[in-house]
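The values are calculated or read from the model by the stated rules, or taken from the named source; none is laboratory data. All values reported here derive from a predicted model rather than from experimental measurement. Methodologically, a virtual Cβ is constructed for each residue, glycine included, from the backbone with ideal geometry; neighbour enumeration extends over all protein chains shown. For the accessible areas, the whole protein counts, side chains as well, though only heavy atoms, and no ligand, DNA or RNA atoms are used. Shrake-Rupley method; radii C 1.70, N 1.55, O 1.52, S 1.80 Å.
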Amino acid sequence: MTGAVTTAAPRIVVVGTGPAGVRAAEALVQAGIRPTVVDEGRRDGGQIYRRQPDGFKRPYAKLYGSEADKARALHQGFDALRPQIDYLPDTLAWNLTEGELHVVQAGTPRTLPFDALIVCSGATDRLMPVAGWHRAGCYSLGAAQVALKSQACAIGVQVVFMGSGPLLYLVASQYLQAGAGVVAVLDTAPAAKPVGALKGLLARPWLALRGLGLIRGIRAAGVPVLQGVTPVAIDGDDTDGVRSVAVRDADGGVRRFACDAVGLGWHLRAETQLADLARCAFAFEPVSRQWLPRIDADGRSTTPSVYLAGDGVRILGADGAEAAGRLAALAALADHGHAAGLARHAQEAPALRRTLDRMDRFRQGLARAFPWPAAHVAALPDEAVICRCEAVTAGELRRCVNALGSQEVNRAKAFSRVGMGRCQGRFCGHAAAEIVAHACSIPVEQVGRLRSQAPVKPLMMDTPEVEA
C-alpha cells in the first residue's frame, strides 16, 4: 500500500552499510532524502566487502578476488554519499521500540526517532558444533576473513577449513591467494547434487561455474578437497589448542589432518535480532531449516514502517542484497507518500522484484546443494560442547529434555543457559534446537527459536542511561 503524495520528508534510518544498506541509502539520497545511516563497523562495506584499514595497501584484486570490481564500486558509491547522509560509524543498534532505534556510540547512548526504519543487518556464520571446537585455534569462516582483510594475517600457519557452502571455498581460496598454508578443505555436503539443487543453481549459471572454478583452483594448488565428510573431532589440548582434525570420509574411512587452526562455517544465518525486537512475524523455512522474518516482495515486514533487506532476512548474496536494499528504500518512500519515491518505485520495482526472484531460486538451489547437516548435529556425543559461551554440552541439553521436560528451546535455555552468553545464541541456537528436537522425536520447527532480547549485543556496564 502506498500513501498519498506529500512534500514532507520522512525521517528514515538505515541500519548497516553492507551492499543492502549502501544501496538503500543511495536510493534515498537520489530521491532527495538525507537519511541517518548506522554502521556497527568503523568503515562501510559490511562483511563481504569489508574495507582494509587506512595504511594497508593490498590491491582490490588480491583482497576481493573475482568480486574486486563490485567491492570498488560499492566503496566509491558510499564515498560519494558521505556528504549527503548522517553517518554514524562504530555505532551499535542495540534496541528497538516503536518509532525509535536505540544506539550507542563510543559509550554514549542515543535514541533515533524514525518514520521508516530499513534494517540491513547482514548475516553471521552458521556454525555446527564439532567435538573439540571449543579449543583455541577454532574460528568461524567470517572471523578468518576478518583476520585477512582487516589485519592482514591468517588465523594459523597450517589451516583446515571445514563446513559447507560457497563461503567455505571462497575463504580457502582467499587464504591461498594471500600465501597462507591451507592443509585441507572438508565439506560435509556430498559431491553429487540433487536435481532440485541443480535447477536452482541454473538461475545464475555463471555464479555456479565461478564456484566450481574456486574448487578447481584449490585442488590445483595441491590442497585436498574432501566432500561428503562427517566431522569426528577437533583434537588438541587446553594448553596448545588445536592440533588436528579428524573426519570420516565418504567411503567411511577416518582421515586426520594436522593443523594449528580450523575455520568452520555452514552457510550463513540471518541477523534477525532487530526484526525480532520490532515484533516482526517469523516463519520457518524447511529448505534452510531456519526461522526467517516474513516480508512482502518489496521488503515490508509485518510491522508498519519497518523494512528488511539483504542477508538479514534472506541469504541472497551481495548482488541480491544490493537489489533488496534499493527496493526496500523505494518502498519506504512510496509508503510515506514521497513524490519522487512514488515515481521511482513505480518505475523500478518490477525489475528489482524479478532480480530478487532469480536470486531466491539460486539461494534455494544452494541450500539443497550444501544442506545444513542436521543429522550430524543430532548425533553429537554427550560431551561435545554446544554453547561455547556457557560451556553447555549436548548431554546437558538432552538431560533438559529427558529429566526436565524441555520440549521448547527457550525452556531448555532457561534450564541450561544455552544461548545466554556473549553471542546470544548466534553460534549455538540452531544446533541447540536440533538436539532438543531429536531428543524429543519431533520436527525441529516445533521446538521454536531462541527469542531475542535487548541488548542484541553486550554493552559496557557503565553505559549511561539512554537519553533522546
Per residue solvent-accessible surface (Å²) - the range 204-273, probe of 1.4 Å: 46 Å²
Restricting to Cα atoms and excluding each atom paired with itself, what does the Kirkwood estimate give for the range 9-87 in Å? 13.0 Å
At 0.692 mPa s and 37 °C, Stokes diffusion of the range 135-251 via Kirkwood alpha-carbon radius, µm² per second: 216 µm²/s
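Which length gain, in nm to one decimal place, applies between L459 and D360 when the Cα-Cα distance is subtracted from 0.36 nm times their residue separation?
The span from L459 to D360 would gain 32.1 nm if fully extended.
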Please give the length that would be gained between R82 and A9 if that part of the chain were fully extended, namely 0.36 nm times their separation in residues minus their C-alpha to C-alpha distance (nm, one decimal). 24.4 nm
Using only the Cα atoms of the range 239-396, each taken as one equal point scatterer with no solvent, compute I(q) by the Debye sum, divide by I(0), and report log10 of the ratio at q = 0.10, 0.17, 0.20, 0.21 Å⁻¹. -0.54, -1.07, -1.31, -1.38
Taking the Kirkwood radius as the inverse of the mean 1/r across Cα pairs, report the Rg/Rh of the range 379-468. 1.06
Going from most exposed to least, what order do E322, E98 have by accessible area with a 1.4 Å probe? E98, E322
Karplus ³J(HN,Hα) for the range 380-397 (6.51 cos²θ - 1.76 cosθ + 1.60, θ = phi - 60°; Hz, whole; x = Gly/Pro) runs 4, x, 4, 7, 5, 6, 9, 9, 6, 4, 10, 6, 8, 9, 4, x, 5, 5
Cysteines in the chain lacking a second Cys C-beta under 4.7 Å: C120, C138, C153, C259, C280, C389, C400, C423, C440
Report the charge-dipole magnitude of the chain in Debye, nearest 20, computed about the Cα centre from +1 at each Lys and Arg Cβ and -1 at each Asp and Glu Cβ. 1120 debye
Please report how far the C-alpha centroid of the range 260-302 lies from that of the range 387-464, rounded to the nearest whole angstrom. 17 Å
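Provide the gained length on full extension for the span D90 to D235, in nm with one decimal, where the gain is 0.36 nm per separating residue minus the Cα-Cα distance.
Details: separation 145, 0.36 × 145 = 52.20 nm, distance 3.70 nm.
Here the segment from D90 to D235 would lengthen by 48.5 nm.
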Based on alpha-carbon positions alone, could you give the equivalent ellipsoid semi-axes of the range 314-468 from the gyration tensor, as √(5λ), descending, whole Å? 39, 23, 13
Rg and Dmax [Cα atoms of the range 37-169; Å; Rg one decimal, Dmax integer]: 17.4, 51
Modelled label-to-label distance, R417 and A281, 7 Å Cα→beta-carbon offset: nm? 3.8 nm
Among C423, V377, V409, whose Cα projects farthest towards the positive end of the dipole of the range 344-468, with charges put on the beta-carbon of Lys, Arg (+1) and Asp, Glu (-1)? V377
Give me the orientation-averaged projected area of the Cα convex hull of the chain, in nm², one decimal. 22.2 nm²
Using the Cα atoms of the range 107-203, I'd like the radius of gyration and the largest Cα-Cα distance, Dmax, both in angstrom. 18.0, 53
Integer Hz, Karplus 6.51/-1.76/1.60 couplings in order for the range 31-46, x for Gly and Pro: 8, x, 9, 9, x, 8, 10, 9, 10, 5, x, 7, 9, 6, x, x
Within the chain, percent of DSSP bridges classed antiparallel, to nearest 5: 50 percent
Determine, at each q value in 0.15 (inverse angstroms), the log₁₀ of I(q)/I(0) that the Debye formula gives when each Cα of the range 256-301 is one equal point scatterer. -0.54
Could you list the residues of the range 263-291 with an amide nitrogen less than 15 Å from a label point located 7 Å from the Cα of V146 in the Cα-to-C-beta direction? 263-265, 269, 271
Taking the chain as the reference, fit the longest principal axis to its C-alpha atoms, fit the long axis of helix 166-177 to the helix C-alpha atoms, and give the angle between the two in degrees, 0 to 90, nearest 10. 80 degrees
